[in-house]
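Here is the structure we will look at, set down as C-alpha cells.
The values are calculated or read from the model by the stated rules, or taken from the named source; none is laboratory data. On a predicted model such as this, the values are computed, not experimentally measured, just so you know. Every residue, glycine among them, receives a Cβ derived from its backbone with ideal geometry; neighbour counts consider all protein chains shown.
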Amino acid sequence: MDGVAPHSITAELAARASVVAAADNSAETKQEVLYVQMGYAGANIVIVAPHPITAELAARVSLLVAQPLVVVALIGFGTTGDLTTRKRELAAFLTQTSHETTGGWPSAPDGPYAWGYCFINKQGNPGDYCVASQQWPCASGKKYFGRGPIQISYTKPSCHDVITGQWTPSAADTAAGRLPGYGVITNIINGGIECGKGSNAQSLDRIGFYKRYCDILQVSYGNNLDCDNQSPFA
C-alpha cells in the first residue's frame with residue numbers, strides 16, 4: 001500500500017487484510033499503526049500511518065465494508081518526531097478536514113466541534129472554478145469546485161514539515177509574523193481569507209477543532225495557534 005491514494009475498501013480487500021493481520025500479530029506492529037476511525041453521517045475514514053494492518057484494524061474494516069470507507073496511507077504521516085509531534089500532526093489533519101466538512105452550529109449537541117465530516121461536497125452554489133484553455137477546455141454544464149475535505153493552491157510550505165518542526169521560516173516569513181505553529185497551517189490552507197485580519201470566526205473554528213482533537217489525544221496545543229497577525233503567503 002505504499003503511496004496509496006485514498007480509495008474504497010472492497011470486501012475482498014478486507015478479507016485479504018484479515019489474512020495479513022493474522023500472520024503478523026506482534027505488539028511492535030500494533031504500536032506502529034496509528035489509525036482513527038470517524039463515522040459521521042455514514043462516512044467512515046480510517047487513517048493508517050504507516051500501513052501494516054493489525055487484526056484489530058482488519059476486524060473494524062470487515063465490519064464497515066458495507067459503508068463508504070476511505071483509507072489514507074501516507075509515508076511519514078503521524079510517524080515523524082516524538083509522540084507529542086505525531087499526535088499534533090494527527091490532530092491538525094483531523095482539524096482542518098473537520099473544519100472544511102463541518103455541519104456543526106453554536107448550540108449543536110456535544111458542541112460545534114463534534115460535527116466534522118458531515119459533508120463531502122462544497123455547500124451552497126459554488127462557481128464554475130474553471131479557467132478555459134485550448135488544452136484544458138471547460139466542459140459545458142460542469143463545475144470544478146473542490147470535492148473533498150481540503151484544497152490547497154499554489155506553492156507553499158509543507159503542512160507536514162510545519163507541524164513536525166522541519167520547516168524553518170525565512171527572514172521574510174519572520175517579518176510577516178509566520179512563526180512555527182498550528183497557525184501557519186491555516187495560513188497555508190486559507191491564509192488569503194483568514195490570516196492577517198485579526199481574530200475571525202473561520203480561524204477560531206479551526207482552533208476550536210484543533211483543541212478538541214488535541215484534548216482527545218491528550219497532547220498539548222503548542223505555540224502560535226492563530227494566524228491573526230500573519231501576512232498570507234504570496
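So, PHE93, is that one within 30 Å of LYS142 (Cα to Cα) and at pLDDT 90 or above or not?
On the way: within 30 Å of LYS142 (Cα to Cα): yes; at pLDDT 90 or above: yes.
Taking the combined requirement at face value, the residue satisfies it.
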When TYR129 is evaluated against the numbered criteria (1) aromatic (Phe, Trp, Tyr); (2) at pLDDT below 75; (3) within 30 Å of LEU83 (Cβ to Cβ), which criterion, by number, is the only one it fails? (3)
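Mind counting the residues in the range 175-234 that are outside any helix (DSSP H, G or I), of a type in the set (A, V, I, L, M, F, W, C) and buried (at least 16 other Cβ atoms within 10 Å of the Cβ)? Walk me through how you get there before you give the answer.
Just the residues of the range 175-234 that are outside any helix (DSSP H, G or I), to begin with: 176-181, 195-200, 218-234.
Retained after the next criterion (residues that are of a type in the set (A, V, I, L, M, F, W, C)): 176, 179, 195, 219, 225, 227, 233-234.
Within this subset, residues satisfying the condition of being buried (at least 16 other Cβ atoms within 10 Å of the Cβ) are 176, 195, 219, 225, 227, 233.
Count: 6.
Can you tell me which of THR155, THR168 is more than 23 Å from TYR129 (Cβ to Cβ) and out of contact with any Lys or Arg (no Cβ under 9 Å at 6 or more places or on another chain)?
Numbers: THR155 fails: more than 23 Å from TYR129 (Cβ to Cβ).
Every option except THR168 fails the conditions.
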Can you report the number of residues in the range 83-107 which are more than 16 Å from THR164 (Cα to Cα), in contact with a helix residue (DSSP H, G or I) (Cβ under 7 Å, 6 or more places away or on another chain) and not polar (S, T, N, Q)? 4
